[in-house]
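The values are calculated or read from the model by the stated rules, or taken from the named source; none is laboratory data. Model, not experiment: these values are computed from the prediction. Using ideal geometry, Cβ is built from the backbone for each residue, glycine included, and neighbour counts are taken over all protein chains shown. Only protein heavy atoms, including side chains, enter the accessible area calculation; ligands, DNA and RNA are left aside. Shrake-Rupley method; radii C 1.70, N 1.55, O 1.52, S 1.80 Å.
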Amino acid sequence: MTTETRITVRYAETDQMGITHHSVYPIWFEAARTDWIKQLGLTYSQLEKMGVMTPLSQLECRYTGVSRYEDELTVCCFVTELSAARIRFGYEVLRQGEEKPICTGSTLHGWVDSQTFRPVNMKKRFPDLYAQIETQLEPGQKA
């Protein structure tokens, strides 16, 4: 499953050169990841109430273009890797009407207990949810 989150670049997100500051893209990744979880039929808040959190352990951004104030963007989000202990999301940021991404990236998150922050085996603790996420992996990706 790939979700598409619409973003309009705000003036505050640009730098002195008039382009979107590099630090903004991870924020957009988070917005897209939140939409992906919602599309699964769950919210982050519900996941946390279930006793699970997903702290970030790795972030990658590759900038291949720029965006500017008022550009209309789409942030695509998808799961590229899933294990009992971790989940990796992939992202592509595209300007409206263009096919080549201006930014690609990924985030790696651990599954942890919300009380102890110790790793959780999602496959054992929530087998139905794990199986549901597993079915959403992009073709050719690994579980």
Cβ-Cβ FRET estimate between Tyr63 and Lys38, R0 fixed at 22 Å, reported to 0.05 = 0.25
Restricting attention to region 1-100, which GluC sites (Glu not before Pro) occupy a DSSP loop and are surrounded by at most 13 other Cβ atoms within 10 Å?
-> Glu70, Glu98, Glu99
For Ser67, which sequence-distant residues (separation of 5 or more, or a different chain) have an amide H within less than 5 Å of its own amide H, given hydrogens modelled in the peptide plane?
-> Thr20
Rg to Rh quotient for region 1-126, alpha carbon positions, Kirkwood Rh | 1.02
With a 1.4 angstrom probe the carbon and sulfur portion of accessible area for region 1-45, in percent, totals 51 percent
What is the gain in length, in nm to one decimal, between Asp113 and Arg125 on full extension, counting 0.36 nm per residue of separation less the C-alpha to C-alpha distance?
-> 3.3 nm
Result for the chain: accessible area per residue, probe 1.4 angstrom, in square angstrom, of 57 Å²
Taking all protein chains as present, what is the carbon and sulfur share of the accessible area of region 47-95, in % to the nearest whole number, probe 1.4 Å?
-> 49 percent
Could you pull the accessible area for Thr116 with a 1.4 Å probe, rounded to 10 Å²?
-> 80 Å²
Long-range amide H partners of Cys103 with built H, under 5 Å | Thr64, Val93
Helical contribution to [θ] at 222 nm, DSSP H n ≥ 4, -39,500 (n - 2.57), averaged over the chain, rounded to 500 | -6500 deg cm²/dmol
